Amino acid sequence: MPWKCPVCGTENDDNVLYCTNCGAKRPEQVSPQPESVSAQQQSNTSAIAQQVQEQSQQPEQSLPQQQSTPEQSAPKQPEQNAQQVVVPQQPVSVSNRYYIIFIASPVESLIKTKLPLDFETFPNISIGRSPENVIVIPDPAISRKHALISLENNEVFIEDLNSTNGTWLYDGKQFQPIKSKTKLDNNAVIKLGNSTIVKFVKE
Amino acid sequence: MTVSLNEFSKLINIATDVFSNQSSLLGPYDFDSVAFVGDTHGADHITKYALKLFESGEVEGIVFLGDYVDRGPNGVENLEAILNALLSAKDKVIVIRGNHESPLTNLYYGFYKEVLKKFNETVYEDIKNMFSVMPYGAVVNNYLCVHGAISINMTSLDEIKNLIRPDEGPNDPEAFQVLWNDPRDMIDGYIPSVRGDGIYYVGRDILEKFIEGNKLKGIIRGHEAVDGFKLFLNGKVVTVFSSAYHGQSAGILEMFKEGIKMLYLDPTTLQKRGEIETKNLLEAYKSISL
C-alpha cells in the first residue's frame, strides 16, 4: 500500500523503502513517533532561537551572538531530516542543556547574556577573538584561539589553547590557571584572559 | 569656562564643610518625586538637564550617584553645577562619592590635568580634600544609593554609616568596596573583580540578604557604563549611567509615588531616545527582559 513520507509528505509507492523525494526511511507502521520527535526537535530549535532573542534585549548587541547565532541555528535545518530517520532507534532522552553566562566583559552589553553551548552541532566549541571560532568574544585580552569546550560522556571539559593571558577556573577563593583539560562542574566560574568572566551552567 | 579661581575655591571650601557635617550615610529621605543621576564624568550638560527637572519642580529631590569628574572634559563645570545645587538645597540635593572622587583615578583619567590646566595644584589639593569627606551612600525612598555596591561582608546599613572620613583613597577596604564593587545576580557569594585587587562582584545571596535584612526596596547605583540602565535581581538592583563618553544613552531614573519613569537621552543632543513608564522597577525589569 502506498505510504506518505512522514518528513516531506510525498506519496510513495508500496515497493520503495525510502522516500523518492527526500530519502527518509519508510516508517515500519504508521506511527506517531516520528512526528512527536520532530515536534520536540522543533521546540528545541525554537527554544535556542528564543534564547538568542532574549539576549538581544539591548539594541546594540555585540559580535558573539551575531556571529554565533546563524552558525548555530543554520546547520540544524538540513540535519533535521536525516535525524528524524535515525532518532527513533536512539533513546529519546531529554539531554542536558549547557550555557555560559557573561559575568564580566569589556563589552558591557554582553553582561548577563546567556549563550547556549550547542554540542549537537559543535561537539568541540572553540572560543576566541577571531571569527573562525564557534564563540567569538570581542576582548583584546583574549587570544585568537583561546580555549576549547567539549562534551564527552555527558561531562563537559575545558582546555586552554596555549592562550597568551590564560584560562582560569575559580576555586572559591581565587582564579587558578587551567593547565590541562579540566572538567567543568555546574556553576563553574571561568576567566578567559584578563577581562572576561563567564559562568558555566547545566540545566 | 565661566567660574573664576576664587569663586571655585570658595565653592569647594563651603561644600567641604557641608560634607564634613553630613553623615557617611545620608537620610533616610522620603520624596514624593525624586530623580537619580548616575555617573556623569565631566558631562555637565547632562547634569544641567537633570537639574532642570529639579529646579522646575518636576521632582522634589535629586540624587547624584558619584563619578562627576574624569573621562569627560568638563569635570570642573560639572562639579560647579552639582555643588551649587547642593548648597541651594542641602536636604533635597543628595551628592555621594564615586570611585572617581579620588586621586587614585584623577591622576590617570584626566581630572587632575584638567584642574592644572584651568586652575592650579592648590585647587586640586582642595578638591581632593573635599572628595575625602564626601558621604558614601544615602537611603532614599527606601532604596540604598551607593556608587558601586555594598562590600562582600556588609549586612547592615550601619556599617556604611560608621565608615570613617576623611579617607583619601579611600583606604578602608569596606569604603573602597562600596565605591568599586559591582552587583551580579547570576552568582552566589562573591568573586574577585577584573577591576583590580580588593574589588569584587557581589552575588545574589549577599545582595538579597542585605536588602531584606535592612528592610530596603533595593539598591540604586552607577559605576558601570551601561546603555542608560541595567536591572538585576528582578529590578531590585538598578544601575543608572548618565554620561556621554561611552556613546550610548544617558539614563535618568525618576521615581514618583505612582510609578517610575526611565529616561534614555541622546548623550550629545539630549533628545529623548526612549522612555519607559511603569508602576515599579519589577515591571520595568519584566518589560526590559522581554
Only one of B:Leu86, B:Leu53 is outside any loop (DSSP other than H, G, I, E, B), within 19 Å of B:Phe241 (Cα to Cα) and touching a strand residue (DSSP E or B) at 6+ places or on another chain (Cβ under 6 Å), namely B:Leu53
- Query: Is it fair to say B:Lys10 is assigned to a helix (DSSP H, G or I), closer than 17 Å to B:Asp126 by Cβ and of a type in the set (Lys, Arg)?
  - Reply: yes
Flagged pairs (Cβ under 6 angstrom, 6 or more apart or on separate chains; first in segment B:90-118, more than 14 Å from B:Gly169 (Cα to Cα); second part of a loop (DSSP other than H, G, I, E, B) and of a type outside the set (S, T, N, Q)) are B:Ile96/B:Gly66; B:Ile96/B:Pro135; B:Tyr109/B:Asp70; B:Tyr109/B:Arg71; B:Gly110/B:Asp70; B:Phe111/B:Val69; B:Phe111/B:Asp70
Subset of segment B:242-272, residues within 14 Å of chain A (Cβ to nearest Cβ), at pLDDT 95 or above and out of contact with any helix residue (DSSP H, G or I) (no Cβ under 9 Å at 6 or more places or on another chain), comes to B:Ser249, B:Gly251, B:Tyr264, B:Asp266
When (1) buried (at least 22 other Cβ atoms within 10 Å of the Cβ); (2) within 14 Å of another protein chain (Cβ to nearest Cβ) are applied to B:Leu179, the one that fails is (2)
Taking segment B:47-69 and keeping only residues that are of a type in the set (D, E, K, R) and surrounded by 24 or more Cβ atoms within 10 Å (Cβ to Cβ), one is left with B:Asp67
Restricting segment B:212-229 to residues that are in contact (Cβ under 8 Å) with a residue 40 or more places away in the chain and not in a loop (DSSP other than H, G, I, E, B), the one surrounded by the fewest Cβ atoms within 10 Å (Cβ to Cβ) turns out to be B:Gly213
Of the residues in segment A:123-145, those that are closer than 25 Å to A:Lys202 by Cβ, over 12 Å from the mean Cα position of the chain (by Cα) and of a type outside the set (Asp, Glu) number 7
Residues in segment A:158-180 that are surrounded by fewer than 17 Cβ atoms within 10 Å (Cβ to Cβ) and either in contact with a Pro (Cβ under 8 Å, 6 or more places away or on another chain) or under 24 Å from A:Pro140 (Cα atoms) (or both) total 9
* Determine if segment B:106-119 includes at least one residue that is surrounded by 23 or more Cβ atoms within 10 Å (Cβ to Cβ) and within 30 Å of B:Leu216 (Cα to Cα). => no
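Listed here are the residues, each with its yes/no results for (1) farther than 27 Å from B:Lys230 by Cβ; (2) in contact with a helix residue (DSSP H, G or I) (Cβ under 6 Å, 6 or more places away or on another chain); (3) of a type in the set (A, V, I, L, M); (4) within 14 Å of chain B (Cβ to nearest Cβ).
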| position | (1), (2), (3), (4) |
| --- | --- |
| A:Glu120 | yes, no, no, no |
| A:Glu132 | yes, no, no, no |
| A:Arg144 | yes, no, no, no |
| A:Glu152 | yes, no, no, no |
| A:Ile158 | yes, no, yes, no |
| A:Leu161 | yes, no, yes, no |
| A:Gln176 | yes, no, no, yes |
| A:Asn187 | no, no, no, yes |
| A:Ser195 | no, no, no, yes |
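Checking the structure you have, find out if any residue of segment B:213-223 is among the basic types (Lys, Arg), in contact with a Cys (Cβ under 9 Å, 6 or more places away or on another chain), under 12 Å from B:Phe36 (Cβ atoms) and modelled with pLDDT of 95 or more.
Yes, some residue in segment B:213-223 is among the basic types (Lys, Arg), in contact with a Cys (Cβ under 9 Å, 6 or more places away or on another chain), under 12 Å from B:Phe36 (Cβ atoms) and modelled with pLDDT of 95 or more.
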* With respect to B:Asn78, determine if the residue is part of a loop (DSSP other than H, G, I, E, B) and of a type outside the set (A, V, I, L, M, F, W, C). => no
The number of residues in segment B:103-127 that are in contact with a helix residue (DSSP H, G or I) (Cβ under 6 Å, 6 or more places away or on another chain), within 30 Å of B:Val237 (Cα to Cα) and not hydrophobic (A, V, I, L, M, F, W, C) is 2
Exactly one of B:Arg165, B:Arg195 is without any contact (Cβ under 8 Å) to a residue 40 or more places away in the chain and out of contact with any strand residue (DSSP E or B) (no Cβ under 7 Å at 6 or more places or on another chain), and that residue is B:Arg195
Per the filter on segment A:96-122, residues under 8 Å from the mean Cα position of the chain (by Cα) and either in a loop (DSSP other than H, G, I, E, B) or of a type in the set (A, V, I, L, M) (or both) are A:Leu117, A:Asp118, A:Phe119, A:Glu120, A:Thr121, A:Phe122
Here the qualifying pairs (Cβ atoms under 9 Å; residues six or more apart or on different chains; first in segment A:1-22 and surrounded by 12 or more Cβ atoms within 10 Å (Cβ to Cβ); second at pLDDT below 70 and of a type in the set (D, E, K, R)) come out as A:Pro6/A:Glu35; A:Tyr18/A:Lys25; A:Cys19/A:Lys25
For segment B:257-290 the number of residues that are over 18 Å from B:Asp32 (Cβ atoms) and either in contact with a Pro (Cβ under 8 Å, 6 or more places away or on another chain) or not in a strand (DSSP E or B) (or both) is 15
- Can you find a residue in segment A:131-144 that is more than 25 Å from B:Tyr285 (Cα to Cα), crowded, with 20+ Cβ neighbours inside 10 Å and free of Cβ contacts under 8 Å to residues at least 40 places away in the same chain? yes
Next item on the list: May I ask you to verify whether A:Pro106 is within 15 Å of A:Asn194 (Cβ to Cβ) and touching a residue at least 60 places away in the same chain (Cβ under 8 Å)?
Entry: yes
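The values are calculated or read from the model by the stated rules, or taken from the named source; none is laboratory data. From a predicted model like this one, the values you see are computed outputs, not experimental measurements. Neighbour counts are summed over all protein chains in view; Cβ atoms, including those assigned to glycine, are modelled from backbone coordinates with ideal geometry.
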